[in-house]
1. Could you name every one of the helices (runs of 4 or more DSSP H) located completely within segment 1-68 that has at least 3 residues being closer than 23 Å to Val104 by Cβ?
2. Checking the conditions here, which among Leu145, Leu165 is aliphatic (A, V, I, L, M), at pLDDT 90 or above, outside any strand (DSSP E or B) and within 15 Å of Arg109 (Cβ to Cβ)?
3. Being loosely packed, with under 14 Cβ neighbours inside 10 Å and in contact with a helix residue (DSSP H, G or I) (Cβ under 9 Å, 6 or more places away or on another chain) is the filter here; which residues of segment 10-24 pass it?
4. Restricting the search to segment 76-96, which residues are over 14 Å from Trp44 (Cβ atoms) and either in contact (Cβ under 8 Å) with a residue 24 or more places away in the chain or open to solvent by 50 Å² or more (accessible area, probe 1.4 Å) (or both)?
5. Give Asn158, Asn140 a once-over and let me know the one that is polar (S, T, N, Q), open to solvent by 30 Å² or more (accessible area, probe 1.4 Å) and assigned to a helix (DSSP H, G or I).
6. Report the residue count in segment 163-188 for those that are closer than 18 Å to Ser102 by Cα and either in contact (Cβ under 8 Å) with a residue 40 or more places away in the chain or not charged (D, E, K, R) (or both).
7. Given (1) open to solvent by less than 60 Å² (accessible area, probe 1.4 Å); (2) at negative phi, where does Thr36 come up short, assuming only one miss?
Amino acid sequence: GRFSPEGLAHYREVLEALRARGIEPVVTIHHYTLPTWLAERGGWEMSGVERLFARYVARVMDEYMDLVRWWITLNEPVVHTFKSYVTGQWPPGKQDYGAALSAVRHMLRAHVLAYHEIHARRPDAMVSVAKHALALTSCNPRRLLDRLSVKVRGYIFNDLFLDALHTGALRVPGLFWERLPQARTLDFIG
């Protein structure tokens, strides 16, 4: 519940400087790192993290909504999940598919809540996530398993997150389906 007045003032100065130079700011609210206190409580795996994120977004909006129309709620959430919860290369350094699914679910819900917080304060806002895209090809296009592997990985890495935000349902065919209330929340694709 505590926010750094110096940090908030610094970013207001940055945004004002951009505006003064005729540059339209595009603000990314979450770019991989978490506050230590949140990471220690479980980060994106923690139940209720999406509500904490929405509270943070509300504060950021109260500070900067007059200066910013374009918002990215989450930077490359699938990359973050893969590196943090599948390969374990980034904090929290896990290799746990259950934790990865939990993190994705919470990030999706966090984006949905953030989207509505932003639009409640600035109806003309443009809101999305920054989404990476992988170009995948099969090692041997004649092999069915190679083609199937490309299709599955392509869906997971390139389509799953955006599809969930576009349709309102998180789907992993044959494994998982979950409805995301009020989740048609993409004004553009970053």
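The values are calculated or read from the model by the stated rules, or taken from the named source; none is laboratory data. Remember, predicted model here, so these are calculated numbers, not experimental data. Glycine gets a Cβ as well: all are built from the backbone with ideal geometry, and neighbour counts include every protein chain shown. Surface areas here come from the heavy atoms of the whole protein model, side chains and all, with no ligands, DNA or RNA. Shrake-Rupley method; radii C 1.70, N 1.55, O 1.52, S 1.80 Å.
1. Working: elements: 5-20, 36-40, 49-64.
Qualifying helices (runs of 4 or more DSSP H): 36-40, 49-64.
2. Details: Leu145 fails: within 15 Å of Arg109 (Cβ to Cβ).
Of Leu145, Leu165, the one residue that is aliphatic (A, V, I, L, M), at pLDDT 90 or above, outside any strand (DSSP E or B) and within 15 Å of Arg109 (Cβ to Cβ) is Leu165.
3. Ile23, Glu24
4. Going through segment 76-96, the residues over 14 Å from Trp44 (Cβ atoms) turn out to be 87-89, 95.
Of everything in segment 76-96, those that are over 14 Å from Trp44 (Cβ atoms) and either in contact (Cβ under 8 Å) with a residue 24 or more places away in the chain or open to solvent by 50 Å² or more (accessible area, probe 1.4 Å) (or both) turn out to be Gln89, Gln95.
5. Numbers: Asn140 fails: assigned to a helix (DSSP H, G or I).
Of the residues listed, the single one that is polar (S, T, N, Q), open to solvent by 30 Å² or more (accessible area, probe 1.4 Å) and assigned to a helix (DSSP H, G or I) is Asn158.
6. Going through segment 163-188 one residue at a time, the tally reaches 15.
7. Going through (1) open to solvent by less than 60 Å² (accessible area, probe 1.4 Å); (2) at negative phi one by one, Thr36 breaks only (1).
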